[in-house]
1. For the cross-link pairs LYS160/LYS460; LYS382/LYS585; LYS198/LYS218; LYS344/LYS749; LYS438/LYS737; LYS382/LYS460, which exceed 32 Å when the distance is taken from alpha carbon to alpha carbon?
2. So if each residue of separation counts as 0.36 nm, and I subtract the Cα-Cα distance between HIS233 and ILE661, what length gain in nm does that give?
3. Bin all alpha-carbon pair distances of the stretch 613-716 at 5 Å intervals from 0 and give each bin's fraction as a whole percent.
4. Against the 2.2 N^0.38 Å scaling, with N counting residues, where does the stretch 728-801 land? I'd like the Cα-based Rg ratio to two decimal places.
5. Please report the projected area of the stretch 246-319's Cα convex hull averaged over all directions, in nm².
6. Run lengths n ≥ 4 of DSSP H only: what is the helix-derived mean residue ellipticity at 222 nm for the chain, with -39500 (n - 2.57) per run over all residues, to the nearest 500?
7. No solvent, one uniform scatterer per C-alpha: report log10 I(q)/I(0) for the stretch 66-219 via the Debye equation at q = 0.09, 0.13, 0.14, 0.20 1/Å, two decimals.
8. Taking Rh as the Kirkwood radius computed over C-alpha pairs, what is the Stokes-Einstein D of the stretch 602-655 at 4 °C in a medium of viscosity 1.567 mPa s, expressed in µm² per second?
Amino acid sequence: MLKKIYESLILKFPIPVLSVLFIIIAALAYQASKLEVDASAETLLLEDDADLQFMRETSKRYPSGLDMLIISFAPNNDLLSDETLHSIDQICEKLKNMERVDSVMSILNVPLLENGSSAIKELVNDVTTLRSPYVNLEKAREELLTSPIYSENFVSKDLKTTSIVVMLKADTVYIELLEKRNQTRLKAESNEAVKEDKEAFAAASNAFKNYRDELRLKERRTIEDIREILKEHKDDGSLFLGGVNMIAVDMIHFVKSDLTYFGAILFLLLTFVLWIIFRQIRYVVLPLLICAVSIVSTAGILGFFGWEVTVISSNFVALQLILTISIVLHLTVRYRELAAKYPKVAQKELVLLAVLSKAKPSFFAVFTTIIGFLSLMLSSIKPVINFGWMMASGITMSLIIAFTVFPAILVILPKKRLYVKFEKEFAFSSFCAKIVEKHGFFVVITATCMVIFALAGIQKIRVENSFINYFKPSTQIYQGMKNIDQNLGGTTPMDVIVHFNEDKNAQAEEDDFEVEFAADKNDPKYWFTPKVTNTAMRVHDYFDNGEFIGKVQSLGTLLKVGERLNNGRELDSFELALIYTKLPKAYKDMILSPYINIENNELRFTMRLIDSDPNLKRNELIQKANEELKGIITPDIGTYRLSGAMVLYNNMLQSLFKSQILTLGVVALTFLIIFIPLFRSFRASLLAILSNLIPMGVVFGFMGFIGIPLDMMTITVAAISIGMGVDNVIHYIHRFKEELRQNGGDYTKAMHSSHDSIGYAMYYTTISTALGFGVLIFSNFMPTIYFGMLTVAVMIMVFFGAIILLPKLLLIFKPFDDCQNPFYRKPLLFLAKLAAKYKS
């Protein structure tokens, strides 16, 4: 049937076929203009994560760090000098005048509780700041350096760096649209969902997406305006901007840059490589044309279905180019091989024979690659799932376009004398064949050592998610986060929410306290009981003394300050209630409201982790905290739960790790099932899987030994590489069987003939693949760099596995002698009869 399609349509009417195809491509090119980028934090979260739902609920009761930007300022002069304070004042005033800024906090307007009277009653009525005319600068310096509220929060330990906190206006419309989208999504995905539920979800999603895009433009302008303000004061000292909003804005810029930058560089590199190999314009232009058409088509499909490019899928252009060039190179090498072997055969017949001979192995090679990408669908992270769909649809388009455009254009072109100097002078595949034949013992010993190395190294692999190390040191994101991490108490936020039992703390502790207030026991002023304050101090101290924990803020912070004000005596319930009721709202929102919620009977502890510490093991820290807090917050006191970005991203990574490790076995088993009817040999199928897995294991073993962690990008290398890696195995065994038949069953001769034919295509595709993934090292995003480096290493190792290890295993085990075994012979004869009947 395939032969009839080519003879009666593609090769008979090439120009009309190309015209129709390019009209379709033009329509897809229009849809490609709708392709959008989403680098928000939501793209890296588990949608069904219970911790995410919990954080969204608690964020309604407490201020969120998502609408906050932090400026770290290391002035040239003394921090409390008139020049520095004047610079801070100018920066703050300019920031306050910005449209989206709600408030600005700095050392100028934070309450200096130890600068005035130590009496609580007087303190709450007359709060001193650095702007107060009667402020004592020496006392202020001492308080900023030693106060639990400000040290490593608003100032560094050496008093050389300070922070300016910019609170952005909360966008209630965005929050409402987000909640509506999430609610309608749950209904649409439920088993009881009806058509109206799905329509409501689609409408809510579109409304949210449109508003989100408008908000991002405003956020980008806000970030740009703030950076302009900081540039105006660059002579005053070192200024760095940090915060979730800034990271999201910069990430979108990085992703867009990677999409265009990688594509352009890779095109240039492929042009150079194709010219070096073939030295003929048609074999340079034709592959690149097919690659370009495939990318445009895939981008059009993504735009049509509304799939957005995220951090995880930002390298899809490079992947698409690499996968497409692999298909086209196999076609090109096969055509050139036939043209050299049969110089008198007509062009049409050569093209037809080349296409038909590569159709089966190319289809199965693409099919296994698709399976590798589709294994990503078993993840719970939507961008990862979409990435799997994106690449599966992209490689499908590449296969269709390559097997249409390549023969249609080539059949129009006249035959031309081949340039084969490169193949003759650089016969690397022949060199590999000699190693297989003459150094077989060395190959086997090396493979055995590789297995031992892989097994030992893989056990050392850890899963980590370091935000700072996601970026190059030269980027603004890295510099800002590093400065804040080392000088201002850490970066990665984590919360602990403690909910008290209702019957344990909503009562007064002393009769004179009840008389003093003459109030009902449900009055919020009676909430600060010893049970609450003791729990606050114990939990605060636990994290404050913990390794890898930076700044901890809670009610315990205020209690510690109270001890300093009372000359070592703890604040009692009366004094806490006085602060709660009498402290001006602006200061109360700074030091008290973010950490208690009397209405919900709970405490909140916020902390930041030292993300740059190379010894930090995030999952272990979370597990340890969950276990050890049981001894502090006993069931008679209440319950607790860890929350925040640290927990959410760790959940994402652990989920992705489990899903990908489990699916590797499923993918390998699926390949085995596919290979058995394809190769018609169970042993050959096992050898094919083995020669692919051993080289991959070496790379992951290497990662374990040198300490490269698995993160959200590198963890997908295994699934992607196993899908792409088997391509060489499929092409080699398919060709080996043909050569075995032509050489009368002589395995050694078949091996040499295979190396001298398909070996070149494998070598060329590996060069192209290595260059393609190597381009990723120019990214500003470190996971992308690691992804590129590891994939290059895997593809090179898999190439050697296919051209050295696999041939040696074929020579040792002679798997195609299975056809003489009665156990295999009957089913194979049955399949052969079916094939003959179908052909007739």
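1. LYS160/LYS460; LYS382/LYS585
2. The span from HIS233 to ILE661 would gain 149.1 nm if fully extended.
3. Result returned by the calculation: 2, 9, 13, 15, 14, 11, 10, 8, 6, 5, 3, 2, 1, 0.
4. Values: Rg = 16.2 Å, N = 74, 2.2 N^0.38 = 11.3 Å.
Compared with the compact-globule rule of thumb, the stretch 728-801 sits at 1.43.
5. The number I arrive at for the stretch 246-319 is 5.3 nm².
6. It lands at -21000 deg cm²/dmol.
7. -0.48, -0.72, -0.77, -1.19
8. Working: Rh = 12.6 Å.
Rounded to a whole number, D works out at 102 µm²/s.
The values are calculated or read from the model by the stated rules, or taken from the named source; none is laboratory data. Keep in mind that this is a model prediction, so the values were computed, not measured. For neighbour counting, all protein chains shown are included, and Cβ atoms are generated from backbone atoms with ideal geometry for every residue, glycine included. With ligands, DNA and RNA removed, areas are computed over all heavy atoms of the protein, side chains included. Shrake-Rupley method; radii C 1.70, N 1.55, O 1.52, S 1.80 Å.
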